[in-house]
Amino acid sequence: MMYEVSLEETFCSAHSLRNYPGLCQNVHGHTFRVKVELVGEVLDGLGMLVDFVILKRTLREILGELDHRNINDLFYFKTVNPTAENLARFIHSHIHEEFPELLRRVTVWESPEASASYTEP
């Protein structure tokens, strides 16, 4: 039996896609939506896979680095193009530090219709 827990948050940022042959090469903004999914077989003594308070605090700290910023200006994204795929990987790597055994997937929406996910095998 597997349990699955997910949490969604939003943040607003600007970015530009380097070497992109279209309008997205210009600085533009999004209200990004992020979903973190955790899975596991064992609940703690309170009957929780993870405490939502801890998960929410962790995710908000990570998104706080991105919120109301030009993502291209952040150290990590000086050499990594700030695509939705790379944002998902960036967030995943930080969430993984707190929940290494439970993290399944991070999904980033740059619009209501368009999202990218990152998982590790």
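Laboratory data are not the source of any read-out in this text; all were calculated from the coordinates shown. Bear in mind the structure is a predicted one, so any value in this text is a computation, not a measurement. No Cβ is skipped: glycine too gets one built from the backbone with ideal geometry, and neighbour counts run over all protein chains shown.
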Legend entry - On Cα atoms only, tilt of 84-98 relative to the major axis of the chain in degrees: 40 degrees
Inset, instruction - Indicate the gyration tensor shape class of segment 1-66 (rounded, prolate or oblate), computed on the Cα atoms with a ≥ b ≥ c the square roots of the eigenvalues: a/c under 1.5 is rounded; otherwise a/b larger than b/c is prolate and the rest oblate. - result: prolate
Inset, instruction - Compute the acute angle (0 to 90°) between the alpha-carbon long axis of helix 52-66 and the principal axis of greatest extent of the alpha-carbon atoms of the chain; round to the nearest 10°. - result: 10 degrees
Legend entry - In segment 3-82, the GluC sites (Glu not before Pro) that fall in loop regions by DSSP, at most 14 other Cβ within 10 Å: Glu41
Inset, instruction - Under 13 Å from the Cβ of Gly64, count the other residues' Cβ atoms, weight Lys and Arg +1, Asp and Glu -1, and hand me the total. - result: 0
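Between rounded, prolate and oblate, where does segment 65-121 land on the alpha carbon gyration tensor, with a ≥ b ≥ c its root eigenvalues, rounded for a/c under 1.5, else prolate if a/b exceeds b/c? The partial results should precede the final answer.
Working: a/c = 1.98, a/b = 1.30, b/c = 1.52.
Oblate is the answer for segment 65-121, as a/c is 1.5 or above yet b/c matches or exceeds a/b.
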Inset, instruction - Calculate the all-directions average of the projected area of the chain's alpha-carbon convex hull, and give it in nm². - result: 8.2 nm²
Legend entry - Extreme residue, positive dipole direction of segment 12-58, given options Leu55, Gly29, Gly40 (C-beta unit charges): Gly29
Legend entry - Ellipticity estimate at 222 nm from DSSP helix runs (n ≥ 4, -39,500 (n - 2.57)) divided over the chain, nearest 500: -8000 deg cm²/dmol
Legend entry - segment 89-121 versus segment 1-41: alpha-carbon centroid distance in Å: 8 Å
Inset, instruction - Give me the percent of DSSP beta bridges within the chain that run antiparallel, rounded to the nearest 5. - result: 95 percent
